[in-house]
Amino acid sequence: MFFKFLKNLSKSLTLLFMFLAAPSLRADWFALNMTRGTTEISNEVFELHMLIFWICVVIGLLVFSVMFYSMWAHTKKKNPIPAKFHENHKLEIAWTIIPFLILIAMAVPASKTLVKIYDDEAGDINIQVTGYQWKWQYRYLEDDVSFFANLSTDLDEIYNLVPKGENYLQEVDEMVVIPVGKKVRFLITANDVIHSWWMPAFAIKQDAIPGFVNTAWTVVDKPGIYRGKCTELCGKNHGFMPIVVKVVEQDEYDEWVFNKREEAIKLAELTTKDWSTAELMERGQTVYEVNCVACHQTEGQGIAGIFPALAGSEIALYEKDRHIEILMEGVQGAAMNSFDYLSEVELAAVITYSRQAWGNAEAGDGEIVIPKDIVDYKEPKI
Amino acid sequence: MSAVIENHHDDHHHGPAEGITRWLFTTNHKDIGTLYLWFSFAMFLIGGAMAMVIRAELFQPGMQIVEPEFYNQMITLHGLIMIFGGVMPAFVGLANWLVPMQIGAPDMALPRMNNLSFWILPFAFFILLSSLFMEGGAPNFGWTFYAPLSTTYAPPSVTFFIFSVHIMGASSIMGAINVVVTIMNMRAPGVGLMKMPLFVWSWLITAYLLIAVMPVLAGAVTMMLMDIHFGTSFFNAAGGGDPVLFQHIFWFFGHPEVYIMILPAFGIVSHIIETFSRKQLFGYSSMVWAMLSIAILSFVVWAHHMFTVGLPLAAEIFFMWATMLIAVPTGVKVFNWVATMFRGSITFETPMLFAIAFVVLFTIGGLSGLMLAIVPADFQYHDTYFVVAHFHYVLVPGAIFSIMAAVYYWIPKWTGNMYDERLGKLHFWLSFIGVNVTFFPQHFIGLAGMPRRYPDYALQFADWNMVSSVGAFLFGFSQLLFLFIVLKTVMGGKKATDQVWEGAKGLEWSVASPAPYHTFSTPPKID
């Protein structure tokens, strides 16, 4: 009865708070606690968190109340002659054994939940998640669907030139789509440095480590859009590679997969098309702004000492073959990774762009690269 | 220097040398202690200035003051400087001043090495700080410098960082060996191991931890150096290496390291609570055993920093249980402090205020640590501001409050002058409020989902970040008051008696105030 009353009371209090907070749309003063998750596991984790939280609060209050009582009652004024007692074996054994038992009471349910989380069986849908500096790649292993998700918040919002949108820093250009009620398994790895894939609503946080494949799974029953973040320092744009998962009904999911595959086929057709320099430049600029600009900067000037400039670089001016090779293979021992995961069109376009832009066309040989060059580069190796 | 008693067997007896050579060539434990303390205070201000930059950038969402690249350099240097330059040298300074006086020894056992271990430190930090002005900027991979971000993807200054960590490590190892040798060999007759003051005990254990783990850190950075310059692949997956190996090695050093930064604080706080409660410490031997068990356990819990790297289930469960076990001896310590105060005769001078705040706030940090040990919950807490709040609660109102408490407690003995009690209390209250306003809201921010090491954040975290920044500025600027109080006390003030505090017990209080340049040249008589 009493608990029910407490529950109701807390409910009405919450409502009252929500009402009070209503004028400020982003009621952040009340973002005080972990949010309850949307899956069975994340709910269990939330309950576990609340359990240990209250145990800690009670322990803290007990200890502090004895201490504050002493500070009030046993001052020099009120108690000029201090007591002489010290060491009491019964008391000392008690304050060793009792905490030990409390710890076991916490550790047992925690271990049980952990066993549930560590379920290694394959999922209905398996998605490989790869962390890159500074974006996520998602590959649907059964469906041959693959794409990158980049932050879609405008730079002007970040630099305070325009008002910030509702999902500031929590929005991407392409969401991961999964269906409700299916067991989805994430195979998490990284291409360059260590990242970490965190989706609070599913209670999943797994480090994405180059050379390792970590796994995590979830079953989500409620359609909706869920937002998460990278949680392992991965370089300068660590704070700018969010995660957005969209959970949809099965038929909507099937449609999405179908469309993604159509898109991929159309993209492949582009490889054989005849490209003009202007078309390549236009497409190349987009690819550059997504993949290269973070290091090589908007004017291709790079960052002295860390990221080489492309404007006026020997390779971008005269060495077309080496230019292709660098994008395909990366540079050993440097931050420049292979970009061979981009499509032939994207690669040709971005190489052309960096050989033409920033005065490079005038300064160097101005040679362009077409998708077929990339295909030719790949071929002898097969 | 009139109070120096031994003159019959000391033909060319001397006080301190004149001018700068006194400090450059000194082998006197008190001078070296002073050098360490001033050095750590300078580093505390530099590291603090970096924290101010961090909090200023986080005052509002959006990038305002610095670029993300520079922000990462700030968080890295802030951590490294506060740990290796602020807290550790401060404790070594206190050990230099107090360990010989507390065990009735004339000086540290290895005085020339003592000079060397201090004087290499400024060079280490000069190298580290100079990396700010190098091409590519300072280290930007966090104080935990996880590979491969700190190897393949690091700025060129990483090599200087490695060199400076080597020097810091050498300094710490020398300091630690000196403490162990001094305590083991130079105790006055009658000072048995179980009669040593708790600060000495805490430092003996700390010194063993240092000797055990600083070489591990040196190994880690050497492997990084090999990976960067000599083509090895210890941590490079593409060459068959293992990035997770780095984390195992780092945290095998790193976890004992965090106890290195708290054990001496336990010693200090025990003395202060005893003195101002005017009552014997409740359980001396259980305090010693608790410190020993914490130290031993610290070697088997390192992977609780790595719950999300994909450890096998058995490892997660082992490290969770082992970590939770540490709560038992830590609880014993807290209960002992409370029991010591109970039915004592308490007064609230500045050192006592800091010590009480230490017990309360360190306990809060300890309890959030217990929460972090619960693996499934840690999946939600890991690398969020909840962790930032946790370790700042144990390091700032933990380690740093204990250092400030120690300074107020012993400065009358060091300088012969009492500090200004009114200003001291003002400094305490400003720091206490500042610390809590800074770090308590970070629990909220973290639970609500803000990751650490983010230069910018989503809008729902804006309000508490602003509160946290305001608190940080308050705390930061209050420390200038601390500097003023210390300078004022060094210059003059009410003369201190030899015992200084009514309830103070121990050999250091039996010598004159200020303590003569040489103390206990003949061993004291212990009853």
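Every number in this text was worked out from the coordinates using simple rules, so none of it is lab data. The structure presented is a predicted model; accordingly, all values stated were derived computationally and were not measured. Here Cβ is always computed from backbone atoms with ideal geometry, including for glycine, and neighbour counts include all displayed protein chains.
Data for the structure
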item: Those lysines that a straight Cα-Cα span of less than 16 Å connects to B:K525, excepting residues fewer than 8 apart in one chain; result: B:K195, B:K505
item: Neighbouring partner chain Cβ atoms per residue of B:282-295, average, 10 Å criterion; result: 2
item: Dipole moment magnitude, nearest 20 debye, the range A:125-267 about Cα centre, only Lys, Arg, Asp, Glu C-beta charged; result: 520 debye
item: Loop GluC sites (Glu not before Pro), the range A:25-94, which have at most 16 other Cβ atoms in a 10 Å radius of their Cβ (DSSP); result: A:E87
item: Cα Rg, Dmax, the range B:438-527, angstrom units; result: 23.4, 67
item: Quarter of Cα convex hull surface for the range A:22-117, i.e. mean projection, nm²; result: 11.1 nm²
item: Contact order normalised by residue count of chain B, Cα under 8 Å, 6+ apart, percent; result: 18 percent
item: GluC sites (Glu not before Pro) lying in DSSP loop within the range B:17-107, provided at most 16 other Cβ fall within 10 Å; result: B:E18
item: Antiparallel bridge percentage (DSSP; both residues within the protein assembly as shown; nearest 5); result: 70 percent
item: Rh (Kirkwood; distinct C-alpha pairs) - the range A:125-267, Å; result: 15.6 Å
item: In degrees, nearest ten, helix B:243-260 long axis to first principal axis of chain B (Cα); result: 30 degrees
item: Mean Cα-pair separation over length for the range A:85-142, i.e. relative contact order, pairs under 8 Å, 6 or more apart, %; result: 19 percent
item: When each of B:K333/B:K413; A:K135/A:K229; B:K413/B:K494 is checked by Cα-Cα distance, pairs over 20 Å; result: B:K333/B:K413
item: Net charge of Cβ neighbours under 14 Å - reference A:A201; Lys, Arg +1; Asp, Glu -1; result: +3
item: Per residue Cα convex hull volume in Å³ - calculated over the range B:169-249; result: 93 Å³
item: Sequence-distant lysines (8 or more away, or on other chains) whose Cα lies within less than 17 Å of A:K372; result: A:K266, A:K273, A:K320, A:K381
item: Centre separation in Å (Cα based) which lies between the range B:87-111 and the range A:159-208; result: 52 Å
item: Stokes-Einstein D (µm²/s) once Rh is taken as the Kirkwood radius of chain A over alpha-carbon pairs, at 4 °C in 1.567 mPa s; result: 51 µm²/s
item: Average beta carbon contacts from partner chains per residue of A:303-315, 10 Å cutoff; result: 2
item: Where chymotrypsin sites (Phe, Trp or Tyr not before Pro) fall in DSSP loop in the range B:227-256, at most 12 other Cβ within 10 Å; result: B:F230
item: Residues A:K273, B:K488, sorted so that the one with the fewest Cβ neighbours within 10 Å comes first; result: A:K273, B:K488
item: Euclidean distance between Cα centres, the range A:87-153 to the range B:161-223, Å; result: 36 Å
item: The protein assembly as shown - charge dipole about Cα centre, Lys and Arg +1 at Cβ, Asp and Glu -1, debye rounded to 20; result: 5220 debye
item: Shielding by other protein chains, A:180-192, mean Cβ within 10 Å; result: 1
item: Exposure proxy ranking, count of Cβ atoms within 10 Å, fewest first, for A:V248, A:V220; result: A:V248, A:V220
item: Mean ellipticity per residue at 222 nm, deg cm²/dmol - from DSSP H runs of n ≥ 4 across chain A, formula -39500 (n - 2.57); result: -14000 deg cm²/dmol
item: Relative packing of B:309-319, B:46-56, B:186-196, which averages over residues the other C-beta atoms within 10 Å, highest first; result: B:46-56, B:309-319, B:186-196
item: Dipole of chain A, positive end: most advanced residue of A:A316, A:V290, A:T96 [Cβ charges, Cα centre]; result: A:T96
item: Charge dipole of the protein assembly as shown about the Cα centre (unit charges at C-beta), most positive-ward option of B:G449, A:I370, B:F432; result: B:F432
item: Cβ-based exposure ranking for B:S130, B:S150, B:S117, in which fewest neighbours within 10 Å come first; result: B:S130, B:S117, B:S150
item: The range A:271-381, relative contact order in percent, only Cα pairs under 8 angstrom and at least six apart counted; result: 32 percent
